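What follows is a set of notes on a single structure, which appears directly below.
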Amino acid sequence: MTTIRSGGDVTRAPEKIRAGQDWGEAPRRHATQKALLLGIDPGDGSFERSVDELESLCATAGAQVVGQVVQRRDTPDQATYLGSGKAQEAAEQVQELEADLAIVNAELAPTQQRNLSRVLGVTVIDRTQLILDIFAQRARTHEGKLQVELAQLNYLLPRLAGMWTHLERQAGGIGTRGPGESQLESDRRHISRRIQTLKQALKDVARHRARARASRQQVPFPVVALVGYSNAGKSTLLNTITGAHVYADDRLFATLDPTTRKVRLPVGWEVLMTDTVGFVSNLPHHLVAAFRATLEEVVDADVLVHVVDISHPDWPDQVDAVHDVLEQLGAAEKPTITAYNKIDRVEDRASIQSLVTETPNAVGISARTGQGVDDLLHRVEETLAARLVPVEVTIPYRRGDLVALCYERGRVRSREDGAEGVRLRVDLPAHLAAQIKDQVAA
């Protein structure tokens, strides 16, 4: 990698990665877009990690990164993000490297994006826009596509002014003279209507999910949600546990739509295990809000398994990013098992064992090889068992289905077959205990 230093700033030309496409469009493979990365290094040590992740996001989106322009300063320029001199230097790099677009390692204000694009002479997108592009490529279900479109339009609405150069009033002929309407206002109205339509559609999705959850609770399975940073290995873990064929790839956001599979634990209990969309640092709040319907699988879970890529040099920051999103969802206090994944890639096994010992309710695993996965399933059992409530109930012989349910979903401590029925001392999930008592009473 070539590095050019100038007055405390850095311009770098890294090796090429992959090829890309325009934001907001369906995936296209017929054109290769060359991207110049732009960023501000505040000098706190976080920049290198952040820009490395941006390059990974570019690779996932399909962008060929041809260079970087980095400025060391405390805060971005309010007008052009980079200072005027550095912005002009970036414009020269765009020409020299024949870049088609510039990608900024931050979320830009609409004015910054508009002004910087004018200086550079190419399209400028920010980190949020890049993530939205990836989501647009990866969404497969109707629900996922609705959520992506809503997030895109919410992002686009305040930026419309910069996308139109033809803001003059429409010229009128005979019978059409008058104030007219700008294309900008027309588009704003159209997008606002579409946003409301999408929100209503997602409310319908949320109601459908609520009905599905209610039907599951008729024969209630505990729900275990796999959460974690993007590319931590959640989909691989679900495949290893269930033998499923959920799409898994060594890229950010390989999974966007949630997948749920039934899993039998070693003690014989059955649970529903859900693979969820991965998180990244600085995930915009409106993006989390748009995917609320999908992420409610996390909110409604009985237990979370936080999958951590322990082989990643920045795993502590990734853990913090996941906790931030869980707090936004109101799920930070749920019972959680920490699964330190990819231990097969770490040479210092003693450090992993020490970390597992120091972290409450943690295990070390390799989702790829299966190492430690049985320990994880036993830990899921223990975590669920801690949430059981003791029940004593006499079930009539005609309700053998309820007796079977106690054995399948609970932990039977004693059984007496009496004249009135089967008397059980059993530990059950609280909601199931209430249902069985109600049905016996009825």
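Observations on the model:
- Computed E for residue 357/residue 48 - FRET, C-beta separation, R0 45 angstrom, nearest 0.05: 0.90
- Protection proxy ranking of 389-395, 410-416, by the mean of other Cβ atoms within 10 Å over each peptide's residues and highest first, is 389-395, 410-416.
- Extension gain (nm, one decimal) between residue 282 and residue 95, 0.36 nm per residue minus Cα-Cα: 64.3 nm
- Prolate/oblate/rounded call for the range 221-385, Cα gyration tensor, a/c under 1.5 rounded: rounded
- Burial order of peptide ranges 226-232, 318-324, 150-156 (average beta-carbon count within 10 Å, highest first): 226-232, 150-156, 318-324
- Note on the range 351-406: Rg/Rh from C-alpha atoms, Kirkwood Rh, equals 1.25.
- For peptides 428-438, 301-311, sequence by mean Cβ density within 10 Å, most packed first: 301-311, 428-438
- Dipole magnitude of the range 388-441 about its Cα centre (Cβ charges: Lys, Arg +1; Asp, Glu -1), debye to nearest 20: 80 debye
- Square roots of 5 times each gyration tensor eigenvalue, C-alpha, the range 314-442, largest first, Å: 41, 18, 11
- Evaluated at q = 0.16 Å⁻¹: base-10 log I(q)/I(0), Debye formula over Cα of the range 388-441: -0.37
- Between residue 368 and 342, the built amide H atoms are under 5 Å apart, and every one of these is 5 or more places off in sequence or on another chain.
- Between the amide H of residue 279 and those of 228, 229, 230, distances stay under 5 Å, these residues lying 5 or more places away or on another chain, with hydrogens modeled in the peptide plane.
- Karplus 3J(HN,Hα) series, Hz, for the range 435-442 with 6.51 cos²θ - 1.76 cosθ + 1.60 (x for Gly, Pro): 5, 5, 4, 5, 5, 5, 5, 6
- At the listed q of 0.16, 0.23, 0.24 Å⁻¹, the Debye profile of the range 69-120, built from one uniform point per Cα, gives log10 I(q)/I(0) equal to -0.41, -0.86, -0.94.
We did not get these values from a lab; they are worked out from the coordinates using the rules stated. All figures in this text were calculated on a predicted structure; none of them were measured in a lab. Note that we place each Cβ from the backbone using ideal geometry, even for glycine, and neighbour counts take in every protein chain shown.
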